[in-house]
1. Report the longest stretch of chain A that contains none of the trypsin sites (Lys or Arg not before Pro) sitting in a DSSP loop with at most 14 other Cβ atoms within 10 Å.
2. Can you compute the helix-only [θ] at 222 nm over chain B? Use -39500 (n - 2.57) per DSSP H run of at least 4 residues, normalise by all residues, nearest 500 deg cm²/dmol.
3. Give the accessible area for A:SER18 in Å² (nearest 10); use a 1.4 Å probe, count only protein heavy atoms, and leave out ligands, DNA and RNA.
4. Local charge sum around B:ALA53 (other residues, Cβ-Cβ under 13 Å, Lys/Arg +1, Asp/Glu -1)?
5. With label points built 7 Å along Cα→Cβ from the Cα atoms of B:ARG63 and B:SER42, find their separation and express it in nm.
6. Taking θ as phi - 60°, what are the ³J(HN,Hα) couplings along the range A:85-95 by the Karplus curve (6.51, -1.76, 1.60), each to the nearest whole Hz, with x for Gly and Pro?
7. Over the protein assembly as shown, with every protein chain in place, what whole percent of the accessible area is carbon and sulfur at 1.4 Å, could you tell me?
8. With heavy atoms of protein chains only and a 1.4 Å probe, what residues of the range B:36-57 have at least 20 Å² less accessible area in the full set of chains than alone?
Amino acid sequence: NAGVTQTPKFRILKIGQSMTLQCTQDMNHNYMYWYRQDPGMGLKLIYYSVGAGITDKGEVPNGYNVSRSTTEDFPLRLELAAPSQTSVYFCASSSGTGGSAITYEQYFGPGTRLTVT
Amino acid sequence: AQTVTQSQPEMSVQEAETVTLSCTYDTSENNYYLFWYKQPPSRQMILVIRQEAYKQQNATENRFSVNFQKAAKSFSLKISDSQLGDTAMYFCAFTGSASVNFGNEKLTFGTGTRLTIIP
């Protein structure tokens, strides 16, 4: 299993440009998440999804959009990039299936470092 | 809303010594789950240890153990026999039963403690 993969690893955007950060997981997890990590800070939740076709806002959703057409993929779209969106972006997944084996562990991708200038 | 506070931005310790990282949290929920994640320079987030609030016994994973004080809302991480590979950012994180029951398992993170192991 590759786990959670993210592309690209690095990207520089100009103000006003748009881009999509890709996230794929091969663990058949129901739940997926997008976080951003600003320098010296913890992770903050942008959006999450509990299954294909179902998404919801997290703590800091402004300026972003998501979709979840398949269990495996959860892309994050940045429209009209702004310097405030300079950050490291992490995608994560968890099984969300409940039961005795439930651990609530989230598995993280390697992150995408985005700079907006 | 839940909050997670890590009051030690940076710590350093000699190799082979023991170090304790602090974490406090605020919640009105009675059942919840607490985690310590490690983020080495590679940026990869790695789960170190988890604690379920309804379990009184402190969790242990090899050299890593926690001191969970539910009444004080405290969840510290102890690293014994520290190794150079323990150098990393450490994040405390929380998910409450409300999140779990509503089916999203969202995590709230603290701001992290940068730990350096000195050779």
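The values are calculated or read from the model by the stated rules, or taken from the named source; none is laboratory data. Being a predicted model, the structure only gives us computed values, none of them experimental. Cβ sites come from the backbone with ideal geometry, for glycine too, and all protein chains shown count toward neighbours. Ligands, DNA and RNA are excluded from the accessible area calculation, which covers all protein heavy atoms including side chains. Shrake-Rupley method; radii C 1.70, N 1.55, O 1.52, S 1.80 Å.
1. Longest stretch, sites excluded: A:15-117.
2. Only helices count here, giving -1000 deg cm²/dmol.
3. 50
4. +2
5. Label at B:ARG63, label at B:SER42, 1.7 nm between them.
6. With coefficients 6.51, -1.76 and 1.60, one gets 8, 5, 5, 9, 10, 10, 9, 9, 9, 9, 5 Hz.
7. 48
8. B:TYR37, B:GLN39, B:ARG43, B:GLN44, B:MET45, B:LEU47, B:ARG50
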